[in-house]
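See structure below.
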Amino acid sequence: MTDSDVFTQVDSSIAVAETPSWHRGVFDFPNPVNDYAARSTAGLVIALAIVAIAVDKPWLYGLLALGFALRVAGGPRYSPFGRLAVHVIVPRIWKRTKMVPGPPKRFAQTIGLVFSGCAFVLSAAGFGLAAQIVVGLLIVAAFLEFAFGLCLGCIGFGLLQRAGIIPDSVCEACNDFGRNRA
């Protein structure tokens, strides 16, 4: 451990390395992340995705993809949905904190970006029904996150880490997924 390392206790068993604020880059993702903020953001994504399906216009799918791109780039820092979740919804509605590792959440946002980006391209190319189906799948994943705290992207991250595709060093707090279990 160097002098520049700062550790944040996530719960009684997980310590997560955190970069000091003076050393954070423009595209750093928060680690750890409040799970309730992620769930709130998922709820907002559901609302926009339903509107996008109902209206079926490329610009709405593009707006959905832009939101995911902003969250991938810096978590809630650049995302209106992320900021609303962190600064308004969680403190006023959820009033809870459950800190979880950030890298799986960033991976999940990246998967959302891929799905919403595909929907944008499909819609712009005139394949509105295909775009609606892709966003419908995105809604299912976002609903599982929002309603039950079940992050499909996080599960995928853990499986990829277990398979050795994502190195353990990406998320030290995650690297025991599925290991040492009876």
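The values are calculated or read from the model by the stated rules, or taken from the named source; none is laboratory data. Not measured: the values here are computed from a predicted model. Every residue, glycine as well, gets a Cβ built from its backbone with ideal geometry; the counts of neighbours run over all protein chains shown. When the accessible area is computed, the model is the full protein with side chains, heavy atoms only, and any ligands, DNA or RNA have been set aside. Shrake-Rupley method; radii C 1.70, N 1.55, O 1.52, S 1.80 Å.
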Scan segment 7-45 for residues that are at pLDDT 90 or above and acidic (Asp, Glu) and jot them down. 35
Kindly indicate whether residue 116 is at pLDDT 95 or above, part of a helix (DSSP H, G or I), touching a Pro at 6+ places or on another chain (Cβ under 9 Å) and small (Gly, Ala, Ser). no
Reported set for segment 62-108 where residues are in contact with a helix residue (DSSP H, G or I) (Cβ under 6 Å, 6 or more places away or on another chain), touching a residue at least 24 places away in the same chain (Cβ under 8 Å) and open to solvent by 50 Å² or more (accessible area, probe 1.4 Å) is 81, 86, 94, 96, 98, 107
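Residue by residue, here is whether (1) more than 13 Å from the chain's Cα centre (by Cα); (2) modelled with pLDDT under 95; (3) under 26 Å from residue 51 (Cβ atoms); (4) among the aliphatic types (A, V, I, L, M) holds:
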| site | (1), (2), (3), (4) |
| --- | --- |
| 103 | no, yes, no, no |
| 142 | no, no, yes, yes |
| 153 | no, yes, yes, no |
| 157 | no, yes, no, no |
| 160 | yes, yes, no, yes |
| 176 | yes, yes, no, no |
Among the residues of segment 121-168, count how many are in contact (Cβ under 8 Å) with a residue 12 or more places away in the chain and open to solvent by 60 Å² or more (accessible area, probe 1.4 Å). 7
